[in-house]
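Reviewing the structure listed below.
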Amino acid sequence: MNDLKHIEAARTAFYGDYLARWQAMIDAWRRPAASPKMWLMYAANYLFNTGGVRWALDPLRPNRLLPDLPVEVPTEALRELSFVLLTHSHTDHYDPDLLRTLSGSRVRFVVPEPMLEQFDAQVHPDPDQIVVARSGSPLTLDGVRIEPFNGWHWAQQPDGRRTGMDATGYRVWVAGAHWLFPGDVRTYRPDALKPYAPVDCLFAHLWLGRGCALIRQPPLCQAFVDFVLACRPRTLVLSHLYELSRQPEDMWHRRHADMIRAHDAMTNASIRLLAPAVGDGLAWGDEGPQAILEPSRVSRVG
Ligand SMILES: [Zn+2]
């Protein structure tokens, strides 16, 4: 199937079952969990239950990006969150309408310094809900150790200027393991992640060049693989696929994930690669994460 047909099929499937998937995800997330678990709320938006601590990174309703979805997803249960980590204020990561419904609850918001003013004006949190994320200043929230760091969302222009956005990445310690979230990256410095090696689980956002998603071999494949491998991840969770509000030339999907999976350097490094679909979950065991298969539906985890 060509890319355009594949995207249309994925869009039709998503519009058909997003509400049921969201509800199943929330129900599963609320159940007590012995092992760490993660669900994908949307393309690169994560919900966690780790040792009974419920938290999220860039939580987002699909309705935020797809206003023609017929029904709003219910969000009341998210008031049970312990904390929320925010990376940056692009619309596919930051959902102020959702976050505003969490103000006045016990949820704490970990907000990067450059976002503080905008966050305060749009979300109106209680002042004691805000925790400022600063690179090099580790935090502990409900026993979870979190280390914010400056990300690489900016692009270097030929004249040396940096354009783009300041974004915060996070390293999080879970059950003796550490997980790395570099967030959106637009400058793949090959050694950027080296100081974090080895990483138990790397959450990497697939991006292989602006406007390049319809090209057979997008130009940044090698740069992406070099970037990822520098931290020697045991498991790679690949996300930012099927961001359905984007144009096809900027939408990453299964073909691109398969291209990374089949890359020689990836197979030589024998890294487990998982590319969960929106609504799908992963549960961590001794062997690393496995797809959580809800009996009521067929998982699209790849
Ligand atoms: Zn972004």
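The values are calculated or read from the model by the stated rules, or taken from the named source; none is laboratory data. Keep in mind that what you see is a predicted model, and the values were worked out from it rather than measured. Glycine also receives a Cβ, built like all others from the backbone with ideal geometry; neighbour counts cover every protein chain displayed.
Scanning region 153-172 turns up at least one residue that is modelled with pLDDT of 95 or more, hydrophobic (A, V, I, L, M, F, W, C), closer than 23 Å to Ala269 by Cβ and under 20 Å from the mean Cα position of the chain (by Cα). List pairs: first in region 156-182 and over 30 Å from Ala34 (Cα atoms), second away from the ligand (no atom under 15 Å from the Cβ), Cβ under 8 Å, 6+ apart or cross-chain? Every condition considered, the pairs that remain are Arg162/Gln156; Thr163/Gln157.
Can you tell me which of Ala269, Ala283, Ala291, Ala262 is surrounded by fewer than 17 Cβ atoms within 10 Å (Cβ to Cβ), over 15 Å from the mean Cα position of the chain (by Cα) and in contact (Cβ under 8 Å) with a residue 24 or more places away in the chain? Result: Ala269 is the single residue among Ala269, Ala283, Ala291, Ala262 that is surrounded by fewer than 17 Cβ atoms within 10 Å (Cβ to Cβ), over 15 Å from the mean Cα position of the chain (by Cα) and in contact (Cβ under 8 Å) with a residue 24 or more places away in the chain.
The C-beta contact set for region 78-89 (first residue over 15 Å from Gln129 (Cβ atoms), second residue of a type outside the set (D, E, K, R) and assigned to a loop (DSSP other than H, G, I, E, B), distance under 6 angstrom, 6+ apart or interchain) comprises Thr87/His93; Thr87/Ala167; His88/Met165; His88/Ala167.
Out of curiosity, is Arg100 modelled with pLDDT of 95 or more and within 22 Å of Asn63 (Cα to Cα)? So Arg100 fits the description; yes.
Can you work out which of the residues in region 68-95 that are more than 16 Å from Tyr170 (Cβ to Cβ) and touching a Ser or Thr at 6+ places or on another chain (Cβ under 9 Å) is surrounded by the most Cβ atoms within 10 Å (Cβ to Cβ)? Residue satisfying both the conditions and the ranking: Leu78.
Table: residues versus (1) without any contact (Cβ under 8 Å) to a residue 12 or more places away in the chain; (2) of a type outside the set (A, V, I, L, M, F, W, C); (3) more than 16 Å from the ligand (Cβ to nearest atom).
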position	(1), (2), (3)
Gln129	no, yes, yes
Val144	no, no, yes
Asn150	no, yes, no
Pro190	no, yes, yes
Asp200	no, yes, yes
Arg210	no, yes, no
